[in-house]
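Read through the structure below, which is laid out as structure tokens, and then see the notes.
The values are calculated or read from the model by the stated rules, or taken from the named source; none is laboratory data. Computed from a prediction, not measured in an experiment: that's the story for all the values here. Positions of Cβ are backbone-derived with ideal geometry, glycine not excepted, and every protein chain shown enters the neighbour counts.
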Amino acid sequence: MGQFFSDKTEEAIELLFKHYEQDKMKRASELLTEAAKEGDADAYYFLSRCFLGQQYIWKYSGFEDDEKKSTELLKKSIEMGSACGVLGGMRTTGMSNATVHRIMTFDTIKEAFDIVLQKAEAGHPFCQYMIGNTYYWDDIYEIEHFTPEQYDKIKPEYMKKAEDWFLKAVHQGYAFFSKNLLLMYQDGEEGFAPNAKKYAELLKYCANTGHPGFEAEYADYLYDNNQYEESLRYFESSVNKGNLDAWADIGYMYDNGQGTKKDATYAVSCYLKGAEVGRLLAQTQLGLSYYYGVGTEVDYGRAYYWLDMAASRDDKHAFPVLGMCYLKGLGVEQDHVAARLLFEECEDKPTALTGLGLIYVDGLGVPEDINKGIDYLKRAEKLGSEDAPMHIARFKKGLLGKWKRR
């Protein structure tokens, strides 16, 4: 029997939260399934977490998101007397606190809290993380039956307790349990000031555990601080461990020659890998690459496909060139109204301003208004548009200050 949970459940917890490899995730699932069949209430709880997505489990663990299945497993764990299930149920989508109270075997939530706290104090990393979360998410407010006035006074003290418990868990090598603490250091909380130095130190520590998710997050941090070579090294390590999202970042760095020699062709191959797994940056950049023929041949059909996909997810960076596709009928049927609506969503972009200028000077889907169109083109020119001056040159200013065609 394990020190804190059954042998199978303890092994599964380590595999799920200390590692990232899909074969280990699969083994964890097998162990928890076996333990659950043997009547292990906690196994049901940990199995339920596997189907709740990347806030609860590593994104590339191989588990499908299935909230209904997760809720059924969680409910079973609570009904069978899992203290972790009870605390987890307070913080899980699909399970209300009223339901937790109704189906749990404990007289109070405090009884479940005390069991988990005892395991945390004895050194179990997941329980340390769970106790930290009760403070971080203010669940302790309900557990201890504080009045609002009481809790306002002790909130700073409890945020410090959250920090302490999170650190205990993370420093046992469980980088996955650092997420909320990183947010505390980055953004602060009521009664807890942000701390950029601690944020950077913790993020680096987590990255150096070898977890690909935190390698990529640390690579982002390095990139933002212009440490491009080191950033690229972490991104490449991350992607080599199965974090397919990082292909987009690698592509962007090769596209721009940051931390490496510029290689637009390789960048396109990276963007494609990132786009296929849904990374928004990759979808937009791939569309732009096909539109402008950078690193690949011009292909307006593919440009439209990826830019439209990115725009449907509200990436404003895709709007200007997607608008040009509609304006000129490139890769899609010409639609001046669709083009104008896209351009109007991003009037701070020179391509969008150029597009609006053309729409008004030529009366494309709107009444012709040369003066308004020229205003847009001049704004585009100021922002660096190379095409705007050529279009302005088609017109001349009359004696009364109005623009007309040459």
Practice prompt. Output the residues belonging to the stretch 293-309 that are within 17 Å of residue 262 (Cα to Cα) and in contact (Cβ under 8 Å) with a residue 12 or more places away in the chain.
Written response: 294, 295, 296
Worksheet entry | Positions within the stretch 257-290 being under 24 Å from residue 229 (Cβ atoms) and in a loop (DSSP other than H, G, I, E, B), in sequence order | 257, 258, 259, 260, 261, 262, 263, 279
Response to the item:
By residue number, the members of the stretch 124-154 that are hydrophobic (A, V, I, L, M, F, W, C), farther than 22 Å from residue 177 by Cβ and not in a helix (DSSP H, G or I) are 146
Practice prompt. Give the residue that is nearest to residue 253 (Cα to Cα), with candidates limited to residues of the stretch 221-235 that are surrounded by fewer than 23 Cβ atoms within 10 Å (Cβ to Cβ) and in contact with a Leu (Cβ under 7 Å, 6 or more places away or on another chain).
Written response: 230
Worksheet item: Scanning for something surrounded by fewer than 20 Cβ atoms within 10 Å (Cβ to Cβ), farther than 19 Å from residue 136 by Cβ and of a type in the set (D, E, K, R), does the stretch 174-189 turn up at least one residue?
Response: no
Discussion item. I need the full set of residues from the stretch 3-22 which are charged (D, E, K, R) and either closer than 21 Å to residue 178 by Cα or part of a loop (DSSP other than H, G, I, E, B) (or both), in order please.
Written reply: 10, 11, 14, 18, 21
Worksheet item: Of the residues that sit in the stretch 116-133 and are aliphatic (A, V, I, L, M) and farther than 17 Å from residue 74 by Cβ, which one is surrounded by the fewest Cβ atoms within 10 Å (Cβ to Cβ)?
Response: 122
Worksheet item: Given the structure, is residue 18 basic (Lys, Arg) and buried (at least 17 other Cβ atoms within 10 Å of the Cβ)?
Response: yes
Discussion item. Given the criterion surrounded by fewer than 19 Cβ atoms within 10 Å (Cβ to Cβ), on the phi < 0 side of the Ramachandran plot and either at pLDDT 95 or above or assigned to a helix (DSSP H, G or I) (or both), identify the matching residue among 205, 254, 218.
Written reply: 205
Practice prompt. Answer yes or no: is there a residue in the stretch 96-113 that is within 25 Å of the chain's Cα centre (by Cα), assigned to a loop (DSSP other than H, G, I, E, B) and modelled with pLDDT under 95.
Written response: no
Discussion item. Among the residues of the stretch 62-72, are any over 23 Å from residue 159 (Cβ atoms), within 28 Å of the chain's Cα centre (by Cα), at pLDDT 95 or above and surrounded by 20 or more Cβ atoms within 10 Å (Cβ to Cβ)?
Written reply: yes
Practice prompt. For the stretch 291-302, indicate whether the set of residues that are under 30 Å from residue 19 (Cα atoms), out of contact with any His (no Cβ under 9 Å at 6 or more places or on another chain) and either not small (Gly, Ala, Ser) or not in a helix (DSSP H, G or I) (or both) is non-empty.
Written response: no
Worksheet entry | Total residues in the stretch 109-136, condition among the aromatic types (Phe, Trp, Tyr), touching a Phe, Trp or Tyr at 6+ places or on another chain (Cβ under 6 Å) and more than 12 Å from residue 84 (Cα to Cα) | 1
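Checking the conditions here, which among 349, 396 is at pLDDT below 95 and either within 30 Å of the chain's Cα centre (by Cα) or loosely packed, with under 15 Cβ neighbours inside 10 Å (or both)?
The conditions single out 396.
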Discussion item. Given the condition closer than 24 Å to residue 206 by Cα, hydrophobic (A, V, I, L, M, F, W, C) and not in a helix (DSSP H, G or I), answer yes or no: does some residue in the stretch 62-76 qualify?
Written reply: yes
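Can you pull out the helices (runs of 4 or more DSSP H) entirely within the stretch 306-386 that have at least 3 residues that are in the same structural domain as residue 404 (by TED's automatic domain parsing), out of contact with any strand residue (DSSP E or B) (no Cβ under 8 Å at 6 or more places or on another chain) and among the hydroxyl-bearing types (Ser, Thr, Tyr)?
350-361
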